[in-house]
Amino acid sequence: MKIRFLLPIFLTCVFSITYAQRKAVIIILDGIPANVVEKVNTPVLDEIALQGGYTRSYQGGEKGGYSQSPTISAVGYANVITGTWTSKHNVWDNNIEQPNYNYWHVFRIAKSVNSKIKTAIYSSWTDNRTKLVGEGLPAAGNFKFDYAYDGLELDTLKIPHTKDRTHMFNIDELISKEAARHITEQAPDLSWVYLEFTDDMGHMFGDSPQFTEAIEKADAQVGRIWNAIKEREEKFGEEWMIVITTDHGRDAATGKGHGGQSERERTTWIVTNAKPLNTHFKNAATVDIAPSVLSFMKLTVPQSIREEFDGISFLGDVSISNLTAAKVGKKATLTWNALKDKGMVEIKVSTTNNFKKGKTDSYKSVGKAEVSSGKYTFTLPETSTGFYKIIVVSPDNTLNQWIVKK
């Protein structure tokens, strides 16, 4: 009887230990184009990349397509945390006027899958928490971080603002130190760190020694957090994923501006210690970060949310990537990159976008094809709207595309 009584407790403990070993930290270093970070001395990022990898990635959605997104800060953050482009999350600029919270951010997803997950944010910009995440708002599921350290820039008595923006460096110093302390002591399961100073130097000086120095300082700040993670892994046997990225590049002429669709503004980067990285990592977008974090944490994302991701995981098994859809007359031709040789895909179509309003869409299967074929043509169903939502379901992942009436 005693053994039978203890068994559920033992299994609960085993589950808790297994769960606690998978933790993740997302870090956004603002406004650093790939061609700059690749030239600057960044020993911490290099060390992390040696464990996992470094790749160029992109912001901005599909250039010229319905998902094209401004290369602006808040837009870039939203892309990262929701795994979707602006056409879905509806963040078009730094005002964040009407975000669509039906496209859940990674923290809300994690909490919904496992309510015991602890989340944290360490950030200089309260809008990240109050607007992008929508903390405490019914429309955003009343989500609340378990720990938040932000708003330091609002206390101008404690941290006076300076014309040279060095106060933002001081704030980033405090944020990185607090993130390192809190991770060391409390080890939240999923965290977001945002550091701003690099973007300030980019706007003020463009491509310059000041910008280079700011990136080197940011690398050292990441180092504090990286050291905290390594300490947790060594002392407690936990397994951590750290992923560092940026929200946009900079204009080619001066390096001061951003927001457009030039190659330098769109080209970003991802550094992570996670592995095994799949072949998609070489062609990653920033919308791939949220699905990758959830994959690392072994969290099963609800199907309706997974179908809406514009990104796919760069960890583990993936069958297809880079879905495109072209309409000619009454037919649509889909193409995709086959990352595996075996298996079938199923193509489903909906003529509604009810998900946008927090409702469900009804999909109709229109056919199947070999993964390796990389292509499928079918007749579109009749609709007066000219809108089609298409999903392609493969053995390992799902991709989606829209056809929008121009």
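The values are calculated or read from the model by the stated rules, or taken from the named source; none is laboratory data. Small disclaimer: the values here were computed from a predicted structure and weren't measured. We place every Cβ from the backbone using ideal geometry, glycine too, and count neighbours over all the protein chains shown.
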Practice problem: Exactly one condition in (1) in a helix (DSSP H, G or I); (2) touching a residue at least 24 places away in the same chain (Cβ under 8 Å) is not met by SER295; state its number. | Solution: (2)
Practice problem: Scan the stretch 281-290 for residues that are buried (at least 24 other Cβ atoms within 10 Å of the Cβ) and either free of Cβ contacts under 8 Å to residues at least 60 places away in the same chain or in a helix (DSSP H, G or I) (or both) and jot them down. | Solution: THR286, VAL287, ASP288, ILE289, ALA290
Practice problem: For the stretch 249-266, enumerate the residues that are part of a loop (DSSP other than H, G, I, E, B) and over 15 Å from ASN79 (Cα atoms). | Solution: ARG250, ASP251, ALA252, ALA253, THR254, GLY255, LYS256, GLY257, HIS258, GLY260, GLN261, SER262
Quiz item: How about the stretch 343-374: which of its residues are assigned to a loop (DSSP other than H, G, I, E, B) and either surrounded by fewer than 15 Cβ atoms within 10 Å (Cβ to Cβ) or acidic (Asp, Glu) (or both)?
Solution: GLY343, GLY358, LYS359, THR360, ASP361, SER362
Quiz item: Do we have any residue at all in the stretch 308-317 that's within 17 Å of the chain's Cα centre (by Cα), modelled with pLDDT of 95 or more and more than 26 Å from ILE48 (Cβ to Cβ)?
Solution: yes
Exercise. Pick out the one residue from TRP336, TRP269 that is among the aromatic types (Phe, Trp, Tyr), in the same structural domain as SER57 (by TED's automatic domain parsing) and in a strand (DSSP E or B).
Key: TRP269
Practice problem: Please name all residue pairs, on different chains or six or more residues apart, with Cβ atoms under 8 Å, provided the first residue is in the stretch 180-193 and is part of a helix (DSSP H, G or I) and the second residue is of a type in the set (Val, Ile, Thr). | Solution: ALA180/ILE225; ILE183/VAL25; ILE183/ILE225; ILE183/ILE229
Quiz item: Could we say that ILE347 is touching a residue at least 12 places away in the same chain (Cβ under 8 Å), in contact with a Gly (Cβ under 6 Å, 6 or more places away or on another chain) and more than 27 Å from LYS275 (Cβ to Cβ) here?
Solution: yes
Quiz item: Is there any pair linking a residue in the stretch 252-273 that is hydrophobic (A, V, I, L, M, F, W, C) to one that is surrounded by fewer than 18 Cβ atoms within 10 Å (Cβ to Cβ) and assigned to a helix (DSSP H, G or I), with Cβ under 8 Å and at least six apart or on different chains, and which?
Solution: ALA252/GLU263
Quiz item: Counting just the residues of the stretch 121-151 that are on the phi > 0 side of the Ramachandran plot and in contact (Cβ under 8 Å) with a residue 12 or more places away in the chain, which one comes out surrounded by the most Cβ atoms within 10 Å (Cβ to Cβ)?
Solution: GLY134
Quiz prompt | Residues that are over 17 Å from GLY60 (Cβ atoms) and aliphatic (A, V, I, L, M), drawn from the stretch 22-45 | solution = ALA24, VAL25, ILE26, ILE27, LEU29, VAL36, VAL37, VAL40, VAL44, LEU45
Self-check item: Complete set of residues in the stretch 59-85 that are surrounded by 24 or more Cβ atoms within 10 Å (Cβ to Cβ) and of a type in the set (Ser, Thr, Tyr)
Solution: SER69, THR71, SER73, TYR77, THR82, THR84
